[in-house]
Number of protein chains: 2
Amino acid sequence: MIRVTQQGNVIRGILEKSGRPLSPQEIYGMARRKISGLGIATVYRNLKSLQADGLIAAVELPGQPPRWEVAPQNHHHHFLCNSCDKLYEIPACTEDLRQLLPEGYILQEHDILLRGKCAACVAKSNS
Amino acid sequence: MIRVTQQGNVIRGILEKSGRPLSPQEIYGMARRKISGLGIATVYRNLKSLQADGLIAAVELPGQPPRWEVAPQNHHHHFLCNSCDKLYEIPACTEDLRQLLPEGYILQEHDILLRGKCAACVAKSNS
DNA sequence: GTCGTTGCAAAGCGTTTGCAGCCTA
DNA sequence: TAGGCTGCAAACGCTTTGCAACGAC
């Protein structure tokens with residue numbers, strides 16, 4: 001039987017309120033403000049069990065620890081800002097990936113990560 | 001001054017002869033057959049210095065340690081086989097990524113990773 | 001002989017696990 | 001009260017670093 005705990009509620013709440021995927025460290029920092037004695041292991045354990053329940057999903061990034069988002073409704077990709085290192089959701093996808101494949105290969109999934117400067121950082125550097 | 005060593009030559013040779021990006025462990029295993037006392041730290045150090053010289057490049061994969069390939073001539077992407085876990089080069093790219101961006105965002109780079117079954121594994125499962 | 005490179009072992013870093021105590025149901 | 005959950009500390013896997021010995025020049 002799964003129990004409702006303060007720690008679990010806070011961690012889930014942080015992910016639901018954040019509009020973008022968060023790293024375990026970001027979540028840990030935010031959750032610590034509400035539960036002072038919180039351990040990092042509890043964050044990881046809660047993330048794993050929320051994932052097992054299908055409530056959240058890991059966003060794996062090349063060369064970085066994964067970030068976590070509430071379970072997505074639609075197929076989408078992500079944009080990583082080179083300036084502020086924040087990750088944003090891109091609710092669109094491109095169609096013509098299958099034509100890139102060599103003969104005989106079967107395409108099952110694909111990851112797309114766009115990188116650049118987010119609107120907030122563009123605005124900052126123009127000011 | 002950079003010195004020519006047996007270890008460096010073997011590691012570079014392995015990457016040049018392999019037609020696909022290799023993980024440090026794969027490289028270590030192959031190199032150990034030629035230099036029995038080789039240490040894993042030497043593999044990492046050589047990969048880093050070959051990268052600094054621009055001779056090889058790291059291929060960062062989501063949720064996995066990076067693999068290494070000889071420095072690419074052209075922009076390209078990769079295909080990861082879900083069956084044999086080998087990574088292949090895809091010498092093509094799709095054009096219409098910029099249109100996926102929200103307003104105000106600037107696109108600088110992009111990563112695309114295709115996943116599925118490579119031709120060799122498709123052939124194997126049909127036999 | 002100099003000093004860049006090596007192998008080993010120890011240290012890092014992010015993540016996971018063992019365990020006794022806590023707290024939800 | 002039972003047993004899932006927590007915090008702590010130790011363990012983990014991959015990678016990096018310190019250091020004395022080695023070997024290319």
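Restricting attention to the protein assembly as shown, close to 80% of DSSP beta bridges with both partner residues there are antiparallel.
Based solely on its DSSP helices, what 222 nm [θ] is calculated for chain A when runs of n ≥ 4 H residues each add -39,500 (n - 2.57) and the sum is averaged over all residues, nearest 500 deg cm²/dmol? Walk me through the numbers on the way to the answer.
On the way: 4 runs with 42 residues, N = 127.
Mean residue ellipticity, 222 nm, calculated: -10000 deg cm²/dmol.
Taking every C-alpha pair closer than 8 Å and separated by at least 6 residues, the mean separation divided by the residue count of chain A gives a relative contact order of 21 percent.
Here the Karplus curve 6.51 cos²θ - 1.76 cosθ + 1.60, taken at θ = phi - 60°, turns the phi angles of region A:92-103 into couplings of 10, 8, 9, 9, 8, 7, 4, 6, 6, 6, x, 4 Hz, with x standing for Gly and Pro.
This model, with +1 at the C-beta of Lys and Arg and -1 at the C-beta of Asp and Glu, gives chain B a dipole about its Cα centre of some 860 debye.
Placing +1 on each Lys and Arg Cβ and -1 on each Asp and Glu Cβ, with no other charges, gives the protein assembly as shown a dipole about its Cα centre of roughly 1140 debye. Partner shielding of A:86-94 amounts to 3, given as the average count of beta-carbon atoms from other chains within 10 Å of each residue beta-carbon. The lysine pair count for the protein assembly as shown, using Cα distances under 21 Å and pairs eight or more places apart or on different chains, is 12. Copy-to-copy label distances for B:Ala123, where each label lies 7 Å from Cα along Cα-to-Cβ, are 5.6 nm in order of increasing length.
Looking only at other chains, what is the average number of their beta-carbon atoms within 10 angstrom of each beta-carbon in A:96-106? Working shown, then result.
Details: counts 3, 6, 2, 2, 10, 8, 8, 1, 7, 12, 11.
Taking all residues of A:96-106 together, the mean is 6.
Would you work out which of B:Leu38, A:Ser125, B:Gln51 lies farthest towards the positive end of the dipole of the protein assembly as shown, given +1 charges on the beta-carbon of Lys and Arg and -1 on that of Asp and Glu, about the Cα centre? Working it through, the farthest residue towards the positive pole turns out to be B:Leu38.
Classify chain B as rounded, prolate or oblate, taking a ≥ b ≥ c as the square roots of the eigenvalues of its Cα gyration tensor: rounded when a/c is under 1.5, otherwise prolate if a/b is larger than b/c and oblate if not. Don't jump to the answer; show the numbers that get you there.
Details: a/c = 2.60, a/b = 1.39, b/c = 1.87.
Because a/c hits 1.5 or more and a/b fails to exceed b/c, chain B counts as oblate.
Placing +1 on the Cβ of every Lys and Arg and -1 on the Cβ of every Asp and Glu, with nothing else charged, gives region B:1-66 a dipole about its Cα centre of roughly 260 debye. What shape does region A:1-64 have by the C-alpha gyration tensor, where a ≥ b ≥ c are the square roots of the eigenvalues, rounded means a/c under 1.5, and otherwise prolate means a/b greater than b/c and oblate the rest? Oblate shape, in that a/c is at least 1.5 and b/c is the bigger or equal ratio.
Farthest toward the positive end of the dipole of region B:1-114, out of B:Gln25, B:Gln64, B:His76, is the Cα of B:Gln25, where the dipole comes from beta carbon charges about the Cα centre. For A:Ile40, inter-copy separations between label points set 7 Å beyond Cα along the Cβ vector come to 2.0 nm, shortest first.
If you take each beta carbon of peptide A:58-65 and count the beta carbons of other chains within 10 angstrom, what is the mean? Numbers along the way, then the final one.
On the way: counts 2, 2, 5, 5, 10, 10, 3, 1.
Mean inter-chain Cβ contacts per residue within 10 Å come to 5.
To the nearest 10 degrees, how steeply does helix A:6-17 sit against the main Cα axis of chain A, on a 0 to 90 scale? Roughly 30 degrees between the two axes.
For the protein assembly as shown, the direction-averaged projected area of the alpha-carbon convex hull comes to 20.0 nm². Helix B:40-52 and the longest principal axis of the C-alpha atoms of chain B enclose an angle of approximately 60°.
No lab work stands behind these numbers, since they all come straight from the coordinates. These numbers come from a predicted model, not from an experiment. Neighbour counts run over all protein chains shown; Cβ positions are idealised from the backbone, glycine included.
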